[in-house]
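Enquirer: Have a look at the structure that comes next, please.
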Amino acid sequence: MNGAEKILVHVDKDLEALIPEFLENRRADVDAIGSAAGAEDYETVRVLGHSMKGSGGGYGFDELTEIGAGLEQAAKAKDGAAIRAGLDKLVDYLARVEVVYEEL
């Protein structure tokens, strides 16, 4: 992790039971997107990016929404370099994100 700063995300305590699985699913997305990109399966990357874009903000992970939107657009453009850059952002984000549960 090379000493990179943690990314704190404040999430409603009511969502505490859902967040670990949500983040684990995003980690699974890393592998799925990497495999799809390697196979030039842009539709799979687009769908996964679109899903991430839609769900991230709902759980308080606005940066995931932005990363998902970028992946979706890169897939629509069939831009492998942009997909890899988005994937790198996703990996970095997931490595640094730390959830703080609180009453919101």
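The values are calculated or read from the model by the stated rules, or taken from the named source; none is laboratory data. For clarity, every value in this text was computed on a predicted model and none was experimentally measured. Every residue, glycine among them, receives a Cβ derived from its backbone with ideal geometry; neighbour counts consider all protein chains shown.
Enquirer: Just for segment 75-104: of the residues that are more than 14 Å from the chain's Cα centre (by Cα) and more than 20 Å from Ile19 (Cα to Cα), which one is surrounded by the most Cβ atoms within 10 Å (Cβ to Cβ)?
Expert: Result: Ala75.
Enquirer: Here are some conditions: (1) surrounded by fewer than 14 Cβ atoms within 10 Å (Cβ to Cβ); (2) under 14 Å from the mean Cα position of the chain (by Cα); (3) not polar (S, T, N, Q). Leu48 meets all but one. Which one does it not meet?
Expert: With (1) surrounded by fewer than 14 Cβ atoms within 10 Å (Cβ to Cβ); (2) under 14 Å from the mean Cα position of the chain (by Cα); (3) not polar (S, T, N, Q) applied to Leu48, the lone miss is (1).
Enquirer: Would you tally the residues in segment 73-104 being part of a helix (DSSP H, G or I) and more than 21 Å from Val9 (Cβ to Cβ)?
Expert: So in segment 73-104, the residues part of a helix (DSSP H, G or I) come out as 73-76, 80-96.
Now drop any that are not more than 21 Å from Val9 (Cβ to Cβ), which leaves 73-76, 80-85.
Summing the residues that are part of a helix (DSSP H, G or I) and more than 21 Å from Val9 (Cβ to Cβ) in segment 73-104 gives 10.
Enquirer: Can you report the number of residues in segment 16-32 which are among the hydrophobic types (A, V, I, L, M, F, W, C), surrounded by fewer than 17 Cβ atoms within 10 Å (Cβ to Cβ) and either farther than 12 Å from Met52 by Cβ or in contact with an Asp or Glu (Cβ under 9 Å, 6 or more places away or on another chain) (or both)?
Expert: Matching residues across segment 16-32 total 2.
Enquirer: Continuing with this model, one more query. Any residue at all in segment 22-32 that's out of contact with any helix residue (DSSP H, G or I) (no Cβ under 7 Å at 6 or more places or on another chain), modelled with pLDDT under 95 and not in a loop (DSSP other than H, G, I, E, B)?
Expert: No, because not a single residue in segment 22-32 is out of contact with any helix residue (DSSP H, G or I) (no Cβ under 7 Å at 6 or more places or on another chain), modelled with pLDDT under 95 and not in a loop (DSSP other than H, G, I, E, B).
Enquirer: Is there any pair with a first residue in segment 59-82 that is under 30 Å from Glu102 (Cβ atoms) and a second that is surrounded by 18 or more Cβ atoms within 10 Å (Cβ to Cβ) and among the basic types (Lys, Arg) whose Cβ atoms are under 6 Å apart and which are 6 or more apart or on different chains, and what are they?
Expert: Thr65/Lys53; Gly68/Lys53; Ala69/Lys53
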